[in-house]
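**Student:** Supplied in structure tokens, the structure appears directly below.
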Amino acid sequence: MADALSRRTVLRGLAASAVATGSAAVSGTSASAAPKKPQPTDWAAFDAAVGAAFDQLNNVGGAVAVVSADAVLHTRTFGVRSLTGRKPVTPDTHFLVASTTKSMTAELVATYVDQGVLWWDQRVVTAYPAFRAPTPALTESLRVRDLLGMATGIEAPPAMDFHQGDPTAEQLLQSLVNLPVAHPPNTSFFYNNTVYAVGGYLPLLATGVAPRDLTAAYANAMRDRLWRPAGMTSTVAADDPRGVVDDYATGYGFDLRARPVELPYGPVGSYAPVGCALSTVTDMAAYVRLQLRRGRSVTGGQVVSEANLAECWKPHITQSTPGLPVTVQYALGWSVIDYPDGTRLVTHSGGIDGFTSYIAFLPQHDLGVVVLTNMNPTPTGLQWSGQVLNLLAARQLGLDLSAGLNPMAQGAAAMAGLVELGDRTRKVDAKAVDPYLGYYEAGWSLTLHGRDLSLRLGPRVFPLLALADGTYMATQGILQGTHVTLAREADGTPHLEIDGAETVRRTTG
């Protein structure tokens with residue numbers, strides 16, 4: 001297991017995780033791409049197998065739904081909402097679903113395309129004249145679909161992923177012009193949350209919403225144009241469920257002994273279009289059914305036209321999948337996986353502090369799945385999702401699971417890797433770290449209570465332990481395994497080198 005499981009590593013891996021998850025279920029099989037209706041399933045046996053995987057991966061809580069266009073075929077919940085109180089997960093328990101919000105944002109944009117407010121191949125600057133990309137050429141050429149397709153060629157420094165709760169929507173729009181351009185447009189995949197968020201806000205800007213009002217306007221538009229019409233009656237935009245809903249899950253991750261520990265809720269803020277949805281397995285089942293019903297909701301209304309829903313699924317840029325015998329492309333908020341036999345899986349994962357979500361559907365076979373859990377994506381949140389899909393594909397469609405990707409083995413190895421990391425750490429020397437305590441640039445701080453050293457950013461807390469080489473390691477959360485170096489500038493000012501993120505100077509002690 002690599003030492004660094006950085007925020008960038010997790011976020012960039014979410015799209016690819018859908019690839020590994022899906023290919024383990026379908027790649028190399030004898031399944032036909034011809035339409036196949038799901039077969040009757042022994043759901044008790046399915047639940048037993050899914051539950052065994054849940055327990056083996058040491059998860060806390062989760063929920064699974066299996067759907068077709070016409071019905072919710074099966075729903076089952078597992079574990080507890082929180083290890084404190086141990087109330088069981090219910091079909092109405094709210095989970096942060098993170099980046100699975102992206103496809104919802106694309107479909108929100110599609111409703112505006114249906115309305116004629118803008119169109120997919122329209123140049124962005126004609127929809128919002130104040131739009132500015134990093135170069136004049138990109139400002140003039142980028143289209144609406146490009147902002148949602150992860151292939152603008154615009155990249156972003158890793159530190160931006162840690163500060164999503166900081167900027168206002170207006171500042172987010174302004175930040176785009178300062179991002180680096182690494183490739184010509186539509187030549188390379190790069191998972192860029194800033195560009196995507198701008199794309200989500202674009203139809204609102206085109207209708208005259210002021211940048212300062214975007215976050216509230218986006219939440220209202222999602223509620224009124226997508227969530228409620230789709231039958232997602234309890235889904236809301238929120239970073240933290242407390243005070244918003246009554247039935248909600250607490251997020252967890254593993255420490256360096258592979259034991260679940262509670263994590264603070266991670267901020268999304270003005271990056272709402274890339275990951276703000278707080279939802280339930282019941283609502284997410286209705287959302288996946290919306291896909292299988294070609295834009296028609298479970299209550300019968302046409303939420304988005306079939307033509308513009310299909311645009312959201314249309315492949316935009318190829319993703320790199322070395323070693324996997326499949327073709328994977330990013331569409332608009334979805335990854336589209338095409339297998340040699342013609343089978344197509346449309347999918348996306350989501351991950352934020354303490355939560356993992358996974359949605360997928362096989363349009364040819366009228367089958368979809370939702371997996372929600374209150375565990376970090378790594379090392380086991382995504383692995384449980386992969387195992388659920390594997391089990392479902394085998395039982396419902398008779399797909400051979402011999403692709404050589406074993407989520408359970410991957411999860412077990414990752415947990416063992418955490419313990420190995422833990423064996424390399426020790427408690428900190430309070431005297432050694434005392435000169436470095438205090439507040440740092442970009443909102444970071446370093447605190448010590450007894451011999452417990454912590455790196456903090458907003459609500460996030462990353463406990464640090466010492467390593468033999470004089471550096472420190474984050475022991476939990478989205479920075480787990482990341483090395484932190486305490487050093488000094490040439491003028492003696494302390495600074496923190498956060499591997500894979502940024503280097504920041506101390507401001508006050």
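The values are calculated or read from the model by the stated rules, or taken from the named source; none is laboratory data. All figures in this text were calculated on a predicted structure; none of them were measured in a lab. Virtual Cβ from ideal backbone geometry, glycine too; neighbours counted across all protein chains shown. Ligands, DNA and RNA are stripped out before the accessible areas are found, and what is left, the full protein with its side chains, is counted by its heavy atoms. Shrake-Rupley method; radii C 1.70, N 1.55, O 1.52, S 1.80 Å.
**Student:** Just to check I understand the Karplus step: with θ = phi - 60° and J = 6.51 cos²θ - 1.76 cosθ + 1.60, what whole-Hz values come out for region 173-185, glycine and proline as x?
**Tutor:** The phi angles translate into 4, 5, 5, 4, 5, 9, 7, x, 9, 9, 8, x, x Hz.
**Student:** Which FRET efficiency value, to the nearest 0.05, is calculated for residue 43 and residue 71 with the Förster distance at 22 angstrom and r the Cβ-Cβ distance?
**Tutor:** Values: r = 13 Å, r/R0 = 0.59.
E between residue 43 and residue 71, to the nearest 0.05, is 0.95.
**Student:** Using +1 at the C-beta of Lys and Arg and -1 at the C-beta of Asp and Glu, which of 327, 234, 125 has the Cα lying farthest in the positive direction of the dipole of the chain?
**Tutor:** The residue sitting farthest along the positive end of the dipole is 234.
**Student:** Using only the alpha carbons of region 195-252, determine the length spanned along each of the three principal axes and report them from longest to shortest in whole angstroms.
**Tutor:** Between the extreme Cα coordinates on each principal axis of region 195-252 lie 36, 26, 19 Å.
**Student:** Under 5 Å between amide hydrogens, which residues at least 5 positions from residue 502 or on another chain qualify, with H placed 1.01 Å from N in the peptide plane?
**Tutor:** HN-HN under 5 Å from residue 502: empty list.
**Student:** No solvent, one uniform scatterer per C-alpha: report log10 I(q)/I(0) for region 368-497 via the Debye equation at q = 0.12, 0.23 1/Å, two decimals.
**Tutor:** Normalising to I(0) and taking log10 leaves -0.61, -1.34.
**Student:** When the Kirkwood radius is taken over all Cα pairs of region 356-439, what Stokes-Einstein diffusion coefficient follows at 4 °C and 1.567 mPa s, in µm²/s?
**Tutor:** Numbers: Rh = 15.9 Å.
Answer, rounded: 81 µm²/s.
**Student:** In percent, what relative contact order does region 330-422 have, based on Cα pairs under 8 Å that are 6 or more apart in sequence? Could the numbers behind the result be given before it?
**Tutor:** Details: 119 pairs, mean separation 16.1, N = 93.
Relative contact order, region 330-422: 17 percent.
**Student:** Another question, if that's okay. Would you please put 376-389, 405-418 in order of how densely packed they are, using the mean number of other Cβ atoms within 10 angstrom per residue and starting with the highest? Can you show the working numbers first?
**Tutor:** Numbers: 376-389: 28.6, 405-418: 18.1.
Highest to lowest by the protection proxy: 376-389, 405-418.
**Student:** Which of the helices in the chain, when you take each full DSSP H run, stretch at least 18 Å along the axis at their Cα atoms and have an average Kyte-Doolittle score of 0.5 or higher? Write down the numbers at each step before the final one.
**Tutor:** Working: long enough: 7-26 (29 Å, 0.68); 43-56 (19 Å, 0.63); 101-115 (21 Å, -0.06); 193-206 (20 Å, 1.01); 407-423 (24 Å, 0.66).
Qualifying helices: 7-26, 43-56, 193-206, 407-423.
**Student:** Here's another thing I want to ask about it. Distance in nm between label sites at residue 216 and residue 441, each 7 Å beyond Cα in the beta-carbon direction?
**Tutor:** Inter-label distance under the simple model: 3.4 nm.
**Student:** Further, regarding this structure: List, in order, the whole-Hz ³J(HN,Hα) value for each residue of region 90-98 obtained from phi through the Karplus relation with A = 6.51, B = -1.76, C = 1.60 and θ = phi - 60°; use x for Gly and Pro.
**Tutor:** 10, x, 9, 6, 8, 10, 6, 9, 6
**Student:** So for region 271-339, averaging the separation of alpha carbon pairs under 8 Å that are six or more residues apart and normalising by length, what relative contact order in percent results?
**Tutor:** On the way: 72 pairs, mean separation 12.3, N = 69.
Once divided by the residue count of region 271-339, the mean separation gives 18 percent.
**Student:** Pulled fully out, how much extra length does the chain show between residue 171 and residue 454, if you take 0.36 nm times their separation in residues and subtract their Cα-Cα distance? Don't skip to the answer; put the middle values down first.
**Tutor:** Values: separation 283, 0.36 × 283 = 101.88 nm, distance 2.91 nm.
Extra length available between residue 171 and residue 454 comes to 99.0 nm.
**Student:** Return P(r) of region 268-344 (all Cα-Cα pairs; 5 Å bins starting at 0; whole %; ordered from short to long distances).
**Tutor:** Histogramming region 268-344 at 5 Å steps yields 3, 13, 15, 20, 20, 17, 9, 2, 0 percent.
**Student:** Report the Cα centroid-to-centroid distance between region 288-365 and region 67-105 in angstrom, as an integer.
**Tutor:** Cα centroid of region 288-365 versus Cα centroid of region 67-105: 19 Å apart.
**Student:** Ignoring ligands, DNA and RNA, what accessible area per residue does the chain give at 1.4 Å, in Å²? Please report the intermediate quantities before stating the final value.
**Tutor:** Working: 17820 Å² over 509 residues.
With the other protein chains kept in place, the chain gives 35 Å² per residue.
**Student:** Explain nothing, just the number: relative contact order of region 160-272, from Cα pairs under 8 Å at least 6 residues apart, as a whole percent. Show your work: numbers first, answer last.
**Tutor:** Working: 85 pairs, mean separation 42.1, N = 113.
37 percent.
**Student:** Report, by chain and number, residues whose modeled amide H sits under 5 Å from the one on residue 507, excluding near sequence neighbours (fewer than 5 apart, same chain).
**Tutor:** Under 5 Å from the amide H of residue 507: 439, 440, 441.
**Student:** Over the chain, what portion of Cα pair distances is larger than 32 Å, expressed as a whole percent?
**Tutor:** On the way: 51899 of 129286 pairs.
The share of Cα pairs beyond 32 Å in the chain comes to 40 percent.
**Student:** What is the Cα centroid distance between region 422-456 and region 222-266, reported in whole angstrom?
**Tutor:** The distance from the Cα centre of region 422-456 to that of region 222-266 comes to 30 Å.
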